[in-house]
Amino acid sequence: MTSEPAESIRTAGLRVTAQRLAVLGALDGMPHADTEALHRAVRRTLPGITLQSVYVVLGALTEAGLIRRIEPAGSPALYERRIGDNHHHAICSRCGAVQDVDCVVGHAPCLHPSDAAGFAVQTAEVTFWGLCPACQNA
């Protein structure tokens with residue numbers, strides 16, 4: 001285990017715990033994972049961890065800005081470690097596969113509404129829906 005995850009947790013003002021390190025480690029190998037998938041992965045190294053504990057860890061890491069939560073329509077929340085850039089997602093409408101898509105503009109907000117109703121728009125979340133290569137070939 002490298003010191004990078006522990007240092008990023010400390011820098012975010014959180015206490016370094018085995019649970020937080022395990023969740024970050026699981027996310028390294030499973031970008032766009034939901035809570036239940038992360039729970040199954042973390043249980044391999046921390047067999048006693050509860051699903052509720054994983055929810056609490058994900059909430060703390062999200063609030064601290066160490067991970068990103070995305071909420072595709074019709075899907076449970078998904079988490080990823082790719083933060084700090086303006087990227088979007090392509091989601092397969094058949095199997096649910098998720099792929100990062102770099103922003104064409106490269107900065108936020110990449111889209112501007114025709115009428116922002118007085119809002120100072122800071123970012124836009126773009127989700128592309130379609131069929132992934134595997135589902136296209138099926």
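Counting each DSSP H run of 4 or more residues in the chain as -39500 (n - 2.57), what helix-only mean residue ellipticity at 222 nm follows after dividing by all residues, to the nearest 500 deg cm²/dmol?
Calculated from helices alone, the mean residue ellipticity at 222 nm is -10000 deg cm²/dmol.
Give me the distance in nm between label points sitting 7 Å out from Cα along the Cα-to-Cβ direction at Glu63 and Ala6, one decimal.
2.4 nm
Let me understand segment 85-137 better: what is its radius of gyration from the alpha carbons, and its Dmax, in angstrom?
13.8, 46
Rank by packing, highest mean first: peptides 17-27, 77-87, with packing defined as the count of other Cβ atoms within 10 Å averaged across residues.
Going from most to least packed, we get 17-27, 77-87.
Sort 48-60, 113-125 for me by packing, meaning the mean count of neighbouring Cβ atoms within 10 Å per residue, highest on top.
By packing density, highest mean first, the sequence is 48-60, 113-125.
Report ³J(HN,Hα) in whole Hz for each residue of segment 102-118, in order, from the Karplus equation J = 6.51 cos²θ - 1.76 cosθ + 1.60 where θ = phi - 60°; Gly and Pro get x.
With the stated coefficients, segment 102-118 comes to 5, 5, 5, 6, x, 8, 8, x, 8, 10, 10, x, 5, 9, 7, 6, x Hz.
Using DSSP, restrict attention to beta bridges with both residues in the chain and report what percent are antiparallel, rounded to the nearest 5.
Antiparallel bridges: around 70 percent, rounded to the nearest 5.
Would you mind checking the radius of gyration and Dmax of segment 3-78 based on alpha-carbon positions, in Å?
In Å, with Rg to one decimal and Dmax whole: 11.8, 37.
In vacuum, with every alpha carbon of the chain counted as one equal point scatterer, what does the Debye formula give for log10 I(q)/I(0) at q = 0.11, 0.16, 0.17, 0.20 Å⁻¹? Two decimals, please.
Debye curve over Cα of the chain, log10 I(q)/I(0) at q = 0.11, 0.16, 0.17, 0.20 Å⁻¹: -0.48, -0.93, -1.01, -1.21.
Report, to the nearest 10°, how far helix 51-63 tilts away from the longest principal axis of the Cα atoms in the chain, using its own Cα long axis and a range of 0 to 90°.
60 degrees
Give a residue-ordered list of calculated ³J(HN,Hα) values for segment 126-138 (Karplus: 6.51 cos²θ - 1.76 cosθ + 1.60, θ = phi - 60°; whole Hz; x for Gly, Pro).
Each residue of segment 126-138 in turn: 10, 10, 9, 10, x, 10, 5, x, 5, 6, 5, 7, 6 Hz.
FYI, it's all coordinate maths here, none of it is from the lab. A quick note: this is a predicted structure, and the numbers were derived from the prediction, not measured. Note that we place each Cβ from the backbone using ideal geometry, even for glycine, and neighbour counts take in every protein chain shown.
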